[in-house]
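Colleague: Before we start, here is the structure in question, set down as structure tokens.
The values are calculated or read from the model by the stated rules, or taken from the named source; none is laboratory data. Keep in mind that what you see is a predicted model, and the values were worked out from it rather than measured. For neighbour counting, all protein chains shown are included, and Cβ atoms are generated from backbone atoms with ideal geometry for every residue, glycine included. The area values use the complete protein model at the heavy-atom level, side chains included, leaving out ligands, DNA and RNA. Shrake-Rupley method; radii C 1.70, N 1.55, O 1.52, S 1.80 Å.
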Amino acid sequence: MLDSKDYRPYVLPILVTHIIPEFDSPVAFLRARACFAIEQFSIIDWTSEAEVDPNAVGPSGSDKKKKKKKGGKSSGEPLTVGQVLQTVLGGLLKCLRDPSLPVQAASAVALRCLISEEGATDLLLPSLPHIVNEYFRIMEEVGNESVLSALENIIEEYGERIADIAVMLVAKLTEVFLGYVDDREDEEATWNASQALSTITSTLEAVETRDDLLAQMEPILQPIILKVLTDNSFVSFEYLDSVVHFVSLFTYSSTGISPAMWSLCGPLLTALNDWAIDYVTEFMTPLLNYMTKDPATFAVGHYQNQLFVTTLFTVISKVFEEKESYSGRDHVAAATLTSALIVAAKVKSVGGLVSILPQILGLTLNTLGTVKSTFVKVRLMEIVMASLYYDAAATLEILASEAFQKTDAVFAMLFELLKEMERDFSMRLTVLAFQAMLVLPTESLPSVIQQNVASMFQQCVRELTLIEQVKEENDAKEARRAARGDSSDEEDDDDEDFDGFDDDDIGDDDDEEFDDADAKQAAINRAKKLYVPEEGYGEDEDCVNAEDEEYRQHLEQTDREDRVKRELYRAGEPVDDEEDDEDFDYTSDIELMDITGDFLATCNLLQQQNPALFSHLQSLLDAEDHQRVAELFQKVQARQQAQAAAGTV
């Protein structure tokens, strides 16, 4: 009916006249069907300003002469669409408390379709705790997965406004999960348990900026996280993504990682090593949080008499050594974990990693020699640069040792890959690794470094110039957001891209009605696409429909594109431009450093310790690079003065 120009105007009058009155029907079946009908017609434009005439119930108008249904609205005054919506919501809320369970369930499912409508959210907000309690009561009695899904929709719609009941929601959903999780032979129970975890995820994400609420939820969820990770009676792949995501959210908290969450680090690593290694990419985020927020605790932490670091490198070794069993994305995840740990240990002054650097570099270089993807090679090379940043002298000694003898090959590849290192993290790591080598005694450096020391110095200057440009662009975006009062983290759109266009102009063509003439023309076009021979088809001939043939070709093209994407995915390459490598991005400590100031301080130190080398490096810079250095000094001095004025130094 909504697709028909003739009948569309009569949908709302029919709802008012024939469906809404059934909310008060003495027959439970009719009350449930009224809820079901509202669900089917929920796509009505509830924002329309048109009035609804309850007497207009048919295109011929003949129904006006018929006897009206008792209790209906047919003889009432015209209503606004907003009034109809309020009446519908009131009826659904009433049905939530209906004595009949089928009516309650139908009402709960229908209500989710209307909560996002304009006016509905504010109307329902005061009743939200009551609505949520009714949903849980219905779930306890009927166990309907549609009711769980409807509850999740409500949570997603209200977002942070559920804060007052968020802890209660998580506690009740945990009970729902535990009620289903042990019934492993019942597929519906497994589905309901998964849906409960999904709804918990929506609740956590709605209040993820509220550390006080997350702290209250941790002890509620910690037992089910532990159960999924350690219960050897079943392998919980269905629930693994959800509980790993829970750990990610809790460990990301700005207040630090609690003892309860540290108690899960060992089981998390053990599960990854024992039976979930194919999920190394999914496990990467919480592990990065553990390693970067408190590398000292991670370095000495242990579980079942095994150090966390030992278990982690067992996992990384499996991924690197069993190359045929793991995709390029797995290699990238393993490389990211390795470089992140080394960098965090350096920034937080955590010692003890030198003893495992030979193992790390051995695995890395062996893998570098076999992978073809440049994207993966860059991530692997970041491990080498992180090692140089951590302890340049020890790393160079290892590379030159008899067991390796790969100094020249490694740096040849590094210099070749520099042009591919476009991420902020990669550029910063390049500067830190190079400056760590520049301050070493010149005579201790391998010949390949001595021959390229001037180029390395120049590369640092140019990398820092790019880093400063990116920082200025980001600061400008933040300033524009602040000016317009937008605190979201969404990408700042370039307003100039839309100059000359009004938002109202976009998509005007889509608002045109699809009338009967359009429908007839579409039918004619479809008919013309039928390849029918003049004599017709023989009994043993297949009829060829051009529309079906086009659809088949589209499916084949889609399948080819999917195969290409799968190959890119397995190789570790970004699948499409907008995805890039976001899956593996994280905020490292070096991305929060004033790396330019650190480099210039290193230059001052080099000038004092080795003035001849410093003068030689300066003499090799061209005019543009000298200008870049001067600008870098100016920016650092301006920042330091601003910090001093603000009292933040």
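Colleague: Quick one: which residue in Ala171, Ala189 is part of a helix (DSSP H, G or I) and either among the polar types (S, T, N, Q) or open to solvent by 30 Å² or more (accessible area, probe 1.4 Å) (or both)?
Modeller: Sole residue among the options that is part of a helix (DSSP H, G or I) and either among the polar types (S, T, N, Q) or open to solvent by 30 Å² or more (accessible area, probe 1.4 Å) (or both): Ala171.
Colleague: Specify the residue that is surrounded by the fewest Cβ atoms within 10 Å (Cβ to Cβ); the eligible residues are those in the stretch 83-122 that are among the acidic types (Asp, Glu) and modelled with pLDDT under 85.
Modeller: If we take residues in the stretch 83-122 being among the acidic types (Asp, Glu) and modelled with pLDDT under 85, then Asp122 is surrounded by the fewest Cβ atoms within 10 Å (Cβ to Cβ).
Colleague: Which residue pairs have Cβ atoms under 6 Å apart, sit 6 or more places apart or on different chains, and have a first residue in the stretch 398-420 that is under 9 Å from Met381 (Cβ atoms) and of a type in the set (Val, Ile, Thr) and a second that is part of a helix (DSSP H, G or I) and open to solvent by less than 40 Å² (accessible area, probe 1.4 Å)?
Modeller: Filtered contacts from the stretch 398-420: Val410/Leu399.
Colleague: Give just the number: which of (1) out of contact with any Ser or Thr (no Cβ under 7 Å at 6 or more places or on another chain); (2) of a type in the set (S, T, N, Q); (3) over 17 Å from Thr336 (Cβ atoms) does Gln450 not satisfy?
Modeller: (1)
Rundown of residues vs (1) outside any helix (DSSP H, G or I); (2) in contact (Cβ under 8 Å) with a residue 12 or more places away in the chain; (3) open to solvent by less than 50 Å² (accessible area, probe 1.4 Å), yes/no style:
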{"residue": "Ile590", "(1), (2), (3)": "no, yes, yes"}
{"residue": "Thr596", "(1), (2), (3)": "no, yes, yes"}
{"residue": "Leu600", "(1), (2), (3)": "no, yes, yes"}
{"residue": "Asn604", "(1), (2), (3)": "no, no, no"}
{"residue": "Gln608", "(1), (2), (3)": "no, no, no"}
{"residue": "Ser615", "(1), (2), (3)": "no, no, no"}
{"residue": "Leu621", "(1), (2), (3)": "yes, yes, yes"}
{"residue": "Leu632", "(1), (2), (3)": "no, yes, yes"}
{"residue": "Val636", "(1), (2), (3)": "no, yes, yes"}
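Colleague: Out of the stretch 339-367, which residues are under 29 Å from the mean Cα position of the chain (by Cα), of a type outside the set (S, T, N, Q) and under 23 Å from Gly328 (Cα atoms)?
Modeller: Selection gives Ala340, Leu341, Ile342, Val343.
Colleague: With respect to Phe283, is the statement that it is farther than 29 Å from Asp231 by Cβ, within 21 Å of the chain's Cα centre (by Cα) and part of a helix (DSSP H, G or I) true?
Modeller: Considered against the rule, which asks whether it is farther than 29 Å from Asp231 by Cβ, within 21 Å of the chain's Cα centre (by Cα) and part of a helix (DSSP H, G or I), Phe283 comes out as no.
Colleague: Out of the stretch 219-251, which residues are within 21 Å of the chain's Cα centre (by Cα) and surrounded by fewer than 18 Cβ atoms within 10 Å (Cβ to Cβ)?
Modeller: Scanning the stretch 219-251 gives Phe237, Glu238, Asp241.
Colleague: Does any residue of the stretch 254-276 turn out to be in a helix (DSSP H, G or I), more than 30 Å from Leu125 (Cβ to Cβ), open to solvent by 10 Å² or more (accessible area, probe 1.4 Å) and touching a Pro at 6+ places or on another chain (Cβ under 7 Å)?
Modeller: yes
Colleague: Inside the stretch 106-119, can you point out the residues that are assigned to a helix (DSSP H, G or I) and without any contact (Cβ under 8 Å) to a residue 60 or more places away in the chain?
Modeller: Ala108, Leu111, Arg112
Colleague: Name the residues in the stretch 284-314 that are open to solvent by 60 Å² or more (accessible area, probe 1.4 Å), closer than 20 Å to Val347 by Cβ and aliphatic (A, V, I, L, M), would you?
Modeller: Residue satisfying the conditions is Val300 alone.
Colleague: Hey, another quick one. Restricting to the stretch 372-404, name every residue that is under 19 Å from Leu341 (Cβ atoms) and among the charged types (D, E, K, R).
Modeller: Correct list: Arg379, Glu382, Asp391.
Colleague: Of the conditions (1) open to solvent by 20 Å² or more (accessible area, probe 1.4 Å); (2) part of a helix (DSSP H, G or I); (3) farther than 27 Å from Ser146 by Cα, Tyr180 satisfies every one except a single condition; which number is it?
Modeller: The number of the failed condition is (3).
Colleague: Kindly indicate whether any position in the stretch 62-77 is closer than 24 Å to Ala120 by Cα, among the hydroxyl-bearing types (Ser, Thr, Tyr) and at pLDDT below 80.
Modeller: no
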